[in-house]
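None of the figures in this text is laboratory data; all of them are computed from the coordinates on show. Computed from a predicted structure; not experimentally measured. Quick reminder, even Gly has a Cβ in these numbers, built from the backbone with ideal geometry, and neighbours come from all protein chains shown.
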Amino acid sequence: MTYKQDIEAAVRANTVRSMVLLGTFPFVLPLLVFVIALALQIASGQSQALGRAAQAGIVTLWVMLAVMAVWLPIGYLIHQWVIDRATGARLLRRDELPHVWAIFERLCTTAGMRLPALRLIDTEALNAFASGLREGGYSVTLTSGLVEALDDDELETVMAHELTHIQNHDVRLLVIATVLVGTIPMLHDLVMKVFWGMVTFFMTIYRAIFTILPIPGGRLIVSASYGLFFAIGKILAFIIGMIATVASLFIHFALSRRREFMADAGAVALTGKPRALIGALRRISGMSTLELSVEGIRAMLFDSSVFGFGRRSRRASLRSRT
């Protein structure tokens, strides 16, 4: 299979994965809720455990569909804003870092693609990523540490790697996955805010009643009630947090790691500089960790310290091509 055929196959595969993620993700959380509810019902010896667990799963499914119906259109419109806020990225002006712009424009001309936006994160960490969902809305984001640490050839190969992700539609798949994963923390925050709002409301009523009525041990009852509610809230937060983690891992496991090898191959094909890419990987090793407020974005990075499959395997793959 030729490189061009590999690229075409990767684009088709990413399109299919995007549709599969969109189609299956709403069922992940309800399925987990069903399993947990069923286990709790059986453990407590409840009759009709299966039916009650199914009801919990169905209710969760409707909630997920409602949240996604609202969140996905919003996520489509503001995804770059969310990514910028989560990473601290800003648009790079044309009068800033002219040598970076020159390399970037040359790469886009060679690749025959429309010039994406360039963004910069002011941090010492060495990393980069591409983002966007449609033509005219793509971006390549670099860290200032990366620009300072790499020579021009190494920087060129990193940018070529990210441009290949755009050409292969990897960024579309990754952004969709990130937006989907974002529904879980949002749902978690919503549930916890509603829960603690109810606790605060009822505790206020309790205090008022026990203040007005001289009931013996009223203060103790209020304190014990609050302690019970607090314990329930912690357990609920733990369960939802665990579900969110499993759902997030589901998304990341659905993302093929082959896309990184394809992007490396694309960078080499575009620049003809495999040794420069190997050198960039060496320099970036151990220096890539970024502080992110949305963990789903980590899978988009040129070098991910959490979901990466290993820099050594990428360097070995590149050496085998040279």
Which order results if Phe129, Phe261 are arranged by neighbouring Cβ count within 10 Å, fewest first?
-> Phe261, Phe129
Burial ordering of Met203, Met159, fewest other beta-carbon atoms within 10 Å first | Met203, Met159
Which order do Arg52, Arg85 fall in if you start with the one that has the fewest other Cβ atoms within 10 Å?
-> Arg85, Arg52
